[in-house]
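Accompanying notes for the structure given below.
The values are calculated or read from the model by the stated rules, or taken from the named source; none is laboratory data. If you're wondering where the values come from, they're calculated on a predicted model, not measured in any experiment. Every residue, glycine as well, gets a Cβ built from its backbone with ideal geometry; the counts of neighbours run over all protein chains shown.
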């Protein structure tokens, strides 16, 4: 991302901190930086400004119109600007404002404590994505179930792999398989476009088996090339309700001649199930056969501790919402630290999702987290790109 291409605004009622922030941004290479004394002043300048803003750095406690009200107006007007919260108000208030902005579709890059510094601003601006950041994405037409069934049958849906790296020595320890649909007209579709349809239309079983078969086959190829990387595949609880799932997965892994301990089966904690007994039975049998079981998106569901108490997990994946921006937010640091400590006490491997900055990596290292996954390491990539990426990573680590 070229900072020189960004159009930014600093909204701050105190003249000196505002001018310091503007000076820092200009020294960083941002050519266009508007200033505003409060929310009302900012809205008026946005209306007069010819081009849309990319990023707004906003204080909260201001006269006339405070930052909370201003951000609400920005969200309602769908300006599409990304937001950086910079304020000295209570951390819990900041978290509420961040949640409010996110619920309106605004991209909150981070929450910064004052005073602002080039390092702090540089780290949050590194999270800015020009694709889709200036305007809300247009609504996609719904996926047709018959088309989805054909895509599964014709293997047009395939995994992309995102690496997981051990924090202590930066070694690759595994890769998570993430479904991507290579649609002939709509381009690459992400899971949120078709997984809910698969679950509601009875196609999740077929889709999961396709992902399992393809991902395990890739793990076998990596092993033949001398890489004993684990492969991680997401399983929905409706899929785990099916009879005989444990035996079928074990048979699939045996067919590809890899060890069960090289396969991590991720179970999201946020899905409810009405058939709990089959789910618990299948997970118990999979664990007895040597498979590793991860609780995914830890901390986002209402039953986190209950799930941990009754399922034989081996890994705990801390959700990205508690990782992104954690170095600047004491409340996120506390949640992240307690999650890692809980994993350690339960003899689970702790995995942090959504790691995007060096300061987040450093915090995870200080916290004692075991494994990191996120854009700082690599984006999800096609299977054919994995070994080349691994060679480059080993050369730079």
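Computed quantities for the displayed model
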| read-out | value |
| --- | --- |
| Complete set of residues in the stretch 328-362 that are in contact with a strand residue (DSSP E or B) (Cβ under 9 Å, 6 or more places away or on another chain), under 24 Å from residue 93 (Cα atoms) and in a helix (DSSP H, G or I) | 328, 332, 335, 336, 339, 360 |
| Members of the stretch 96-107 found to be in contact with a helix residue (DSSP H, G or I) (Cβ under 6 Å, 6 or more places away or on another chain) and closer than 21 Å to residue 13 by Cα, listed by number | 97, 101 |
| Residue in the stretch 224-234 that is on the phi < 0 side of the Ramachandran plot, free of Cβ contacts under 8 Å to residues at least 60 places away in the same chain and assigned to a helix (DSSP H, G or I) present | yes |
| Criterion violated by residue 373 - all others in (1) buried (at least 23 other Cβ atoms within 10 Å of the Cβ); (2) in contact with a helix residue (DSSP H, G or I) (Cβ under 7 Å, 6 or more places away or on another chain); (3) closer than 30 Å to residue 116 by Cα satisfied | (2) |
| In the stretch 4-55, residue surrounded by the fewest Cβ atoms within 10 Å (Cβ to Cβ) [restricted to those that are within 19 Å of residue 123 (Cβ to Cβ) and over 31 Å from the mean Cα position of the chain (by Cα)] | 23 |
| The stretch 273-316 - residue that is at pLDDT below 75 and farther than 24 Å from residue 354 by Cα and, of those, surrounded by the fewest Cβ atoms within 10 Å (Cβ to Cβ) | 274 |
| Number of positions in the stretch 77-122 that are in contact with a strand residue (DSSP E or B) (Cβ under 7 Å, 6 or more places away or on another chain) and either at pLDDT below 75 or not assigned by TED's automatic domain parsing to the domain that holds residue 46 (or both) | 1 |
